[in-house]
């Protein structure tokens, strides 16, 4: 299945999402409230069968905070990129995908630690690398005068 | 960190021990908070971040050629493959096709990296299980690979040999001879490894049936590399999404279905043989050509998102670059294999003994700087 | 007085009689005891230092490296330097440790091994005390060290130490059986428990040759169980560096650690010495019936060196085992004992008794 | 009965596997000639590093005490860690023109990660890697080095 077909079947599975045929992968921008249903549909449908969560990346897009999911189907070896964004920078919340892929556990904790995005329904959302006194270093507005040497 | 220990709910007769961050068998600064009942492991909770250097944050203020040297320091045992991942991602974004010579050399060096990483795994795994002699044999033979790297790349572990567009410099004239000598030597020495450890009845009893994870769970947890392949999850990026010269060589993807610690070990032992096969197919046929493409002095990626995954010695390393068209990446993310492989440690080790926890932890072959980044 | 290196009986008797001549019998015994104590202590320290050096050199060669080679020629003073360093290392006080037991533990370990050394026959006439239940005494005394290990683990206030100590306890309780049964097999063959008589009985053939297959099996079992009893690899679960950092002696430092360390090597020597005495003829040279010339040459080597040579041979065997095999797990350790060694041992004992009854031994 | 045979078999198989292991270590013990340990401080005279070994960044000078560094600062820009600092000066050369030359090429060895970008990007090949690796000092300020030798000049024909 090539990317065009994948985009078509993904669009059929999860309507209401913006689908872009990227250079490498099919990229799908999902509204935060549709995330779990879209991911469930993508995982369970026989055509797509995205059974492996490769990576979760948190990105600070400036105004919004975003999370990028890379999913892969181990059967047909294709990948899809799910993107979701929240505009609330103070208290960003996105639904957790831990129940679909246990791999999301650590990845979501990492995103929470470094960008401060809370994942609703995560079983054990604690900071992963840093202790509680730190800010969220991967946000673009993060300032650390002591540890970051500006050249 | 103290609250982490106090918050664990304990049943009757349970107690907690802290393995790490300074412990001989956690291979670095991994901290495992283990609740035990007698010797039986009830719960393992990994605490990481002791060597978190913020590489992803640092990347945001560096140019692409400068990022290469940071990736050396993530999974320092697959340094060359990490470099390759970033280089490939940048080349993919710029639509640059490197010469076959570069591809061949990268592939050979990647496989050498894999061999030395697995040698070190063998060495330390033997040591984890109490066979100290393995450690010295493994490191002795690894030294030969290190010499190959040192002669060609200038560094032993931290090679920094790749750059976007090719290699830092051409291979050393001695490279081919040295590599062939090593393969010849190591083909003789590898059976010795098997005699000393693999066939040993104590070793097998210690590992067989310990820390089992089945294929479905392995996929769901995103386990890749030898850990995933021991469970029967065919996840070799070299096979499924070939990069560099992997589509020009024939090799076998090692798969086992048992998914226990012994087969995680066995996958690596077999992979060393496969790697030697790959090197032998390439080493005499390195084509002529430039060792690096001409690049602009300042590399700017076009706006967009780029993903490149490679197969390091531990599994799938994904490089995700979000570029806003500047010379620095807007966001750089490394999907490191050890990070995913560490996550299911609790379900792997639950119900086994503390000695098994050490064996399971060893068989996952974690490199802590790769987890923390 | 005639000092004869091949038979030290007259020498020791001369010391005894001259002491008794110069003072009252009670004092003479006291002085003798002090002399013996000093000699044993010096021997203890020397053999400990030598064995540590030997172990390091042997394991280095097996691991394809050079081993200590900087202090003195071939590094022979390395262990002396290490000992001096250990003497000056700070004794770290442990919070909430049971002070009395914590300090007592190394001494119990060391006293147990000194007591065992006292009864060993080093050469003809060179034996502090020749008990008529020598084998029994050695078995009893050599298993006393575990009390020290248990105390050390308990009093350190450290969970690693406690796990190590409990493992050690389970291990010694189990393997004591195998050691005992293997030795009893040989006692059946010898017909005596007195060490001097056992050695005398091996004048024309060591027991390992005399006893045919049962003796060989008993020897193998003894070496395995003896290695386990001294907490050495592959049975070093009590220390288990990669699991328990250092097991029962995690919290010890300086001279107290040195005592544990030394005791491990002395215990190894004791196990080897008992094996030598019971299986390999003790200080008795290798004699083959009928080969007079050969026997003369063998007799030319003093018994003391025969004893040390054989003991170090067995020690080397134990080192070889340690530096080759990975460590067992605690349940496998107990499985090995109760499912393999013990049944084989009992069967072996019956076989030996049968052989002796039928008279098939030489 | 079958169980008993299996039991005996397991004993012998186990013993054979153990003996195989012993044969490996025994081989090295009784044939110690295969050791290739380098006795480092003793073999200092013979010890030669590979010519590409990245020990430190140096600036090669010829016998007339001339180097190739023009002070362009490309290495400084390319260095990821701020290891290199260039202090340039301007002089009036023989032709009467103002010329930018290097005053001090400061190299902080303590910060260097040996990525090789300075050597690679230098347009005049003024920098090279030295094979010296014994860098331990008691005072970390000694790790800051000035690469151009005192009184050195720019080589003729470079830029």
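The values are calculated or read from the model by the stated rules, or taken from the named source; none is laboratory data. On a predicted model such as this, the values are computed, not experimentally measured, just so you know. No Cβ is skipped: glycine too gets one built from the backbone with ideal geometry, and neighbour counts run over all protein chains shown.
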Test: residue in segment B:310-333 that is within 12 Å of chain A (Cβ to nearest Cβ), in contact with a strand residue (DSSP E or B) (Cβ under 7 Å, 6 or more places away or on another chain) and assigned to a helix (DSSP H, G or I): no
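I need the full set of residues from segment D:23-34 which are touching a helix residue (DSSP H, G or I) at 6+ places or on another chain (Cβ under 8 Å) and either loosely packed, with under 11 Cβ neighbours inside 10 Å or more than 9 Å from chain B (Cβ to nearest Cβ) (or both), in order please.
The initial filter retains those residues of segment D:23-34 that are touching a helix residue (DSSP H, G or I) at 6+ places or on another chain (Cβ under 8 Å), namely D:23-26, D:28-29, D:32, D:34.
Result: D:26, D:29, D:32, D:34.
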Unmet criterion (only one of (1) buried (at least 17 other Cβ atoms within 10 Å of the Cβ); (2) farther than 30 Å from residue B:65 by Cβ) for residue D:115: (2)
Conditions (1) at pLDDT 85 or above; (2) in a loop (DSSP other than H, G, I, E, B): number failed by residue C:121: (1)
Conditions (1) within 14 Å of chain B (Cβ to nearest Cβ); (2) within 16 Å of the chain's Cα centre (by Cα); (3) buried (at least 23 other Cβ atoms within 10 Å of the Cβ): number failed by residue C:323: (2)
Checking residue A:92 against (1) more than 8 Å from chain B (Cβ to nearest Cβ); (2) in contact with a helix residue (DSSP H, G or I) (Cβ under 9 Å, 6 or more places away or on another chain); (3) surrounded by fewer than 19 Cβ atoms within 10 Å (Cβ to Cβ), the condition it does not meet: (3)
Filtered residues of segment D:39-81 (kept if over 23 Å from residue B:169 (Cα atoms) and in contact with a helix residue (DSSP H, G or I) (Cβ under 8 Å, 6 or more places away or on another chain)): D:47
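I need the helices (runs of 4 or more DSSP H) fully contained in segment C:1-106, keeping only those with at least 3 residues that are out of contact with any helix residue (DSSP H, G or I) (no Cβ under 7 Å at 6 or more places or on another chain) and surrounded by 13 or more Cβ atoms within 10 Å (Cβ to Cβ).
Numbers: elements: C:9-22, C:25-62, C:78-88.
Qualifying helices (runs of 4 or more DSSP H): C:9-22, C:25-62.
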Qualifying residue in segment D:27-36 (condition: under 30 Å from residue C:322 (Cα atoms), within 24 Å of the chain's Cα centre (by Cα) and part of a loop (DSSP other than H, G, I, E, B)): yes
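Matching residues to (1) over 30 Å from residue B:163 (Cβ atoms); (2) over 20 Å from the mean Cα position of the chain (by Cα); (3) touching a residue at least 12 places away in the same chain (Cβ under 8 Å):
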position	(1), (2), (3)
D:90	yes, yes, no
D:99	yes, yes, no
D:102	no, yes, yes
D:108	no, no, yes
D:139	yes, yes, no
D:154	no, yes, yes
D:157	no, yes, no
Evaluation of residue A:98 against (1) over 18 Å from residue A:53 (Cβ atoms); (2) more than 9 Å from chain B (Cβ to nearest Cβ); (3) touching a helix residue (DSSP H, G or I) at 6+ places or on another chain (Cβ under 6 Å) (one fails), failing number: (1)
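Taking into account only those residues within segment D:113-137 that are assigned to a loop (DSSP other than H, G, I, E, B) and within 17 Å of residue D:73 (Cβ to Cβ), which is farthest from the other protein chains (Cβ to nearest Cβ)?
Our first condition is that a residue be assigned to a loop (DSSP other than H, G, I, E, B); within segment D:113-137, this holds for D:113-116, D:122-127, D:131-137.
Adding the requirement that they be within 17 Å of residue D:73 (Cβ to Cβ) leaves D:122-127.
On the way: D:122: 12, D:123: 9, D:124: 14, D:125: 12, D:126: 17, D:127: 13 Å.
Taking the candidates together, the pick is D:126.
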Counted residues, segment A:1-52 - those being modelled with pLDDT under 80, surrounded by 13 or more Cβ atoms within 10 Å (Cβ to Cβ) and away from chain B (no Cβ under 14 Å): 14
Residue in segment D:57-75 that is surrounded by 15 or more Cβ atoms within 10 Å (Cβ to Cβ) and either in a helix (DSSP H, G or I) or facing chain B (nearest Cβ under 9 Å) (or both) present: yes
Residue within segment B:177-193 that is within 11 Å of chain D (Cβ to nearest Cβ), assigned to a loop (DSSP other than H, G, I, E, B) and at pLDDT 85 or above present: no
Any hit, segment C:290-297, residues being within 14 Å of another protein chain (Cβ to nearest Cβ) and surrounded by fewer than 15 Cβ atoms within 10 Å (Cβ to Cβ): no
Looking only at segment B:229-263, and only at residues there that are within 16 Å of the chain's Cα centre (by Cα) and farther than 25 Å from residue B:199 by Cβ, the one that is nearest to the other protein chains (Cβ to nearest Cβ): B:235
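Considering each residue of segment D:82-112, count those that are within 14 Å of chain B (Cβ to nearest Cβ), buried (at least 17 other Cβ atoms within 10 Å of the Cβ) and out of contact with any helix residue (DSSP H, G or I) (no Cβ under 6 Å at 6 or more places or on another chain), and give that number.
1
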For residue A:60: the one exception among (1) under 22 Å from residue B:217 (Cα atoms); (2) within 10 Å of chain B (Cβ to nearest Cβ); (3) touching a helix residue (DSSP H, G or I) at 6+ places or on another chain (Cβ under 7 Å): (1)
Residue under evaluation residue A:113, criteria (1) out of contact with any helix residue (DSSP H, G or I) (no Cβ under 6 Å at 6 or more places or on another chain); (2) within 12 Å of chain B (Cβ to nearest Cβ); (3) under 20 Å from residue A:38 (Cα atoms), criterion not met: (3)
